[in-house]
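The values are calculated or read from the model by the stated rules, or taken from the named source; none is laboratory data. These numbers come from a predicted model, not from an experiment. Reconstructed Cβ throughout: ideal geometry from the backbone, glycine too, with neighbour counts over all protein chains shown.
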């Protein structure tokens with residue numbers, strides 16, 4: 001997927017995370033791998049895949065992109081993250097098991113994740129399911145039960161890199177241009193200095209600013225940003 005073309009979608013209007021609206025940056029190998037394996041509703045001999053990286057490196061976005069791609073083929077998947085307080089039993093109808101926020105799992109969630117993992121690789125119909133997981137550290141460094149931690153490291157492991165400031169600026173400018181919005185250097189500096197540097201948060205901020213600028217019929221400036229925040 002070298003030179004993957006990135007499509008700019010209206011993230012400010014809650015578009016679903018997909019491979020198309022993920023800025024690849026330094027993570028092309030991981031994105032290529034995930035897009036290839038999720039391109040089929042039932043990949044042959046799926047190999048477990050684990051993503052790790054710091055906050056804002058894109059882990060959850062990519063896992064949701066996998067789920068969305070599988071759904072596009074009419075396939076369902078089991079999803080668990082730290083907010084899944086009562087994980088359901090493994091379902092043979094799933095084509096994949098997706099485990100997010102592994103580093104935050106409670107003992108109950110760890111038991112369920114291990115159960116899902118084992119069942120995914122040894123199903124009654126003889127067709128293994130794909131396991132895709134993510135956490136904030138390499139598998140060996142996760143504070144999890146030994147059997148789950150070792151299985152998370154069985155297959156492909158990708159370290160995701162967060163975008164540099166120059167890359168974040170480039171994405172913001174591109175998204176703004178797609179909206180017909182001009183972001184001056186002072187506004188860009190203010191956004192990066194005063195708000196979360198997570199790209200998803202910055203995109204949401206841009207969406208809010210765009211909507212507020214249209215409502216007030218004003219250009220996006222630092223005073224406009226401050227006024228918007230005061231009125232929220």
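Below are the figures for this structure:
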read-out: Every residue from segment 125-141 that is assigned to a loop (DSSP other than H, G, I, E, B), in contact with a strand residue (DSSP E or B) (Cβ under 7 Å, 6 or more places away or on another chain) and farther than 16 Å from residue 59 by Cα; value: 129
read-out: Failed item in (1) more than 22 Å from residue 143 (Cβ to Cβ); (2) buried (at least 19 other Cβ atoms within 10 Å of the Cβ); (3) in contact with a helix residue (DSSP H, G or I) (Cβ under 8 Å, 6 or more places away or on another chain), with residue 89 passing the rest; value: (2)
read-out: Which listed residue is surrounded by 13 or more Cβ atoms within 10 Å (Cβ to Cβ) and either under 24 Å from residue 60 (Cα atoms) or in the same structural domain as residue 33 (by TED's automatic domain parsing) (or both), from 209, 192; value: 192
